[in-house]
Amino acid sequence: MGDQDGHDAIAKVLLAQDGVDLDIADFDGRTVLSWAGMNRRGEIVCWLLEWNNVNPDTPDGYDRTPLSLAKQVSFSSEQIPILAVLSLST
């Protein structure tokens, strides 16, 4: 699950900037939290939930939450912590 060459650190710096709306959605209604969960970015998922007051229950345009989207990606041992964190936050 690692940092993938510093990408998580860069993402945190960018997402922590003043005025960034972390609950803003893309054209399919997916939020930053949705994308982090779907892409197995466990550190970003935890950081968003712990420090940034994001809504873990925001459904996308197809009525899927970040947890349900994370469950759809190929399941592996790396995904278990992400699913657990998202499950506890809902």
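The values are calculated or read from the model by the stated rules, or taken from the named source; none is laboratory data. Fair warning: this is a prediction, and the values are worked out from it, not measured in the lab. Using ideal geometry, Cβ is built from the backbone for each residue, glycine included, and neighbour counts are taken over all protein chains shown.
Look through the range 31-53, keep the residues that are surrounded by fewer than 22 Cβ atoms within 10 Å (Cβ to Cβ) and assigned to a loop (DSSP other than H, G, I, E, B), and return whichever of them is modelled with the highest pLDDT. Among those that are surrounded by fewer than 22 Cβ atoms within 10 Å (Cβ to Cβ) and assigned to a loop (DSSP other than H, G, I, E, B), it is ASN39. In the range 1-29, the qualifying residues are those that are farther than 13 Å from LEU48 by Cα and in a helix (DSSP H, G or I), and the one that is modelled with the highest pLDDT is ILE10.
Scanning the range 55-74 for residues being among the β-branched types (Val, Ile, Thr), farther than 16 Å from ASP21 by Cα and either surrounded by fewer than 20 Cβ atoms within 10 Å (Cβ to Cβ) or more than 11 Å from the chain's Cα centre (by Cα) (or both) gives a total of 1.
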